[in-house]
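Input: a single structure, listed below in structure tokens.
Read-outs throughout are calculated quantities, based only on the coordinates presented, and are distinct from any laboratory measurement. Keep in mind the model is a prediction, meaning the values are calculated, not measured. With ideal geometry, Cβ positions are generated from the backbone for all residues, glycine too; neighbour counts draw on all protein chains shown.
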């Protein structure tokens, strides 16, 4: 045999090895006694065994099945060698299938036997095409389910898989030259057949002697095409004369050249993947009313002398068939194309009859080859005619009543038929039960046209369906019977021909999975290390002083510089080491503990430690008295920064809960800035301020010491990982502790904070700075202050140079990347719309849509927080969000979006650079007045530049794109607010009643954020209910509509306005009370 032929037969034998191996020693049926399995001593006749199968293929060159393939075979079952003779490898495969079926297991003798042997079987099918149509557009059918279907087809000698790939409701086929078709037209990005998927199905089928004929159904049923290319489809008025629905009737526009360009690309991709000589192009259910109602089409028809919509369809089909001829493909159409086109349909086109059986004879007389599908519809519970049998027989018995006419002389041929499995009511979970065992009836009728007695067939089906179950194919019974293989565990999610489930992942999905696994491993190590005192620190602030003095052994007290009104010692968040306001080397050396004593008594050591603790506590209070240490908050902390941090957390809660009730304070839908848009930049800004303070202990600023680079890098890396992991845990999944790794969100609020922190930390560690000493506290004039401000900026010039590079990169991407057309919008370079901006384009190609905030991930499937959905184009109540208008563009509902994406993070890092500059001023400048001047002047300059850029139109403020004007305005506002809080809190010490709650929240900001972001209170309230779970306290007390819809039946309904605001303020008050409790208990959780 030909090498490929031999390989194909060998592969077939290997796949059925479990069926054939027990049979290779099967005895003839006249030997029923198990003891007769070997020659007896008394000379009784030995049992003949089948030990060898000899296969002879006469034509070993055919490796791709076609309509003229010879599938006949001759099977001679003799002992000890059974001979198979076939013209092609396909006949040899069917002979092996028959051999596996004639061998039966004898329960009495526990042996495999062959009845009525020796046997001679000559067999061939009545029709060359015997198939099943599977529809994967109305419901996506996974590749494993399709492979299961192919395995079943092998068992019943079917040879054609008609794959209905695209339809109105989805376009799940990946077309690299037109990627928007599947990105916009598929149900989701996870329900798309990649090229690898389609090749896998084609190869799997070809190895089993099954042809794959794809179907691209046009010009009707084209709604999914229009999601990517709205110009090539026709909006259709509601049609009341059909039950197929308004979406299902949308056709292509035959008058547009773009239609044929897109269609050509789809056909080219289809023919490159599927080598079969036939290609199904649909042609069914074309609604002429849609073309008739379109004035542009009517004008085009008049201009081109086309008098009717029927002639317009002829025009379209003729152009379509010409495309197919260039690809060497023979067209197959549904019977409506035959009835609509009449004599204009070329006789080379195969007609598939599904509706009116009488059309079969008409098409044959017209010279068309035909396929028959009427009466074998597997999606129908009663496939054909009226109920003429008991109800449990109707699903298959009537298939035996289907009558085939004789092909007229000189007319077309009956090529065969197929059983269509439309998927409106089936999915991977149910398709097997709907196809099998009913498709066995169609398979037998097509193999043997004389098999019409369903009573006789019932016995065969009952036996054969048990054989199929033994192979792991989920086949149910047709009536009450017993099959030992019904009891085996069959997992239809994992079942395929090899009984394994393969997971196909994109590069983006694999990358996200690897990143998540890495971060999860880091989290495990982190938790393990925390058991030994590493990781989160939960301790009183005064304990940090005691810990420092204990570490000093008997060295005495920790050295501190004297604090006065012009010198405010600073301590960064999470820093467990008291920082001196003096930058002298002597101060640091004095604070360095000497080596521990080697021979001191335990009492002396205890006394020394006691003195050390007492001195440290006294020093923290700014006195030198010898009173015992008291539990008090050290004054070496910038309270205004705590207040600012807590204020930002409270602002986040406020805008999140009241934004829907008051759209003017919610996020700006696109361009512009509103109150909610300040929250994220404030976080980025505060991170920078805190970073400058927490890195003080690494001596990165002092020219007289060696910077502690690697300890600083280790601290930055660990904190980055902690923040990123927490972010993925809180915002990456569907819910807390509910993560779909295929759709986990990569970026988020804490993830962006982590990225900004780490990027600026690396700048702080590795970038050079001017370490020349300058006293910023000597001047008290405007000119002197101006010089000091400029000197401070020049001191960190490389920080600003890096920020300028980030801005240049962001601008280059936004205005330089050529974005392909999307959602029917003409894109290109510099188009900053929701559909066409380069930031989202890069995010959806790098992060992939599955791992972005909207629409596919767990962040918010309903899209309630997608800002651009409140634009007038997307909402009839803009700037609020409600029902979209009828002509809403596609991007309103399907546009990928991530407010914390990759490109926008570039300018977010600039906000953190601005923040670290404020921290540098705080460290270098000791005069409160000078600090205020530095901060305010720099903030005002940013505001002026930012507003100038915005109103000039050069760079419009946009929170989603994080434009440079938005960065400057929000960071400048943050700087001015920090100066204001510094004056009120740290200098004047007034109004404590107004800002103390924010201070408490700011000292445990990470706890407050995680609790508020995780909706802890609603979850707790939802645990308590009256009679029914839906009557829980969350539904009763939660006024912002988070947990209910229009059918709200709560005891009271607060009006959706200022009562919501008052409730939100009370909600913030609850968190402030919790933060105060933690403060009084001296519990401060930092990262």
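In what sequence do 878, 423 fall when counting other Cβ within 10 Å, fewest first?
Values: 878 16, 423 22.
If I rank by nearby Cβ atoms, fewest first, I get 878, 423.
Cβ neighbours within 10 Å, averaged per peptide: list 142-148, 99-105 in order, most packed at the top. Walk me through the intermediate numbers first.
On the way: 142-148: 21.3, 99-105: 17.1.
Per-residue mean Cβ counts within 10 Å order the peptides as 142-148, 99-105.
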Q) Contour minus end-to-end for residue 481 and residue 296, with contour as 0.36 nm per residue of separation and end-to-end as the Cα-Cα distance? A) 60.3 nm
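Among 473, 1083, which comes first, second and so on when ranked by fewest other beta-carbon atoms within 10 Å? Please list the in-between numbers first.
Details: 473 24, 1083 15.
Ascending number of Cβ neighbours within 10 Å: 1083, 473.
Show me 49-62, 307-320 ranked by packing, highest mean number of other Cβ atoms within 10 Å first. Please report the intermediate quantities before stating the final value.
Working: 49-62: 16.0, 307-320: 18.1.
Averaged packing, sorted descending, gives the order 307-320, 49-62.
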Q: Arrange the following residues from fewest to most other Cβ atoms within 10 Å of their Cβ: 853, 815.
A: 815, 853
Q: Would you calculate the separation in nanometres between label points at residue 268 and residue 110, each defined as 7 Å from the Cα along the Cα-to-beta-carbon direction?
A: 6.5 nm
Q: Quote the relative contact order of the range 129-487 in percent (integer), defining contacts as alpha-carbon pairs under 8 Å separated by 6+ residues.
A: 16 percent
Q. Could the peptides 799-808, 998-1007, 410-419 be put in order, highest first, of the mean number of other beta-carbon atoms found within 10 Å of their residues?
A. 998-1007, 410-419, 799-808
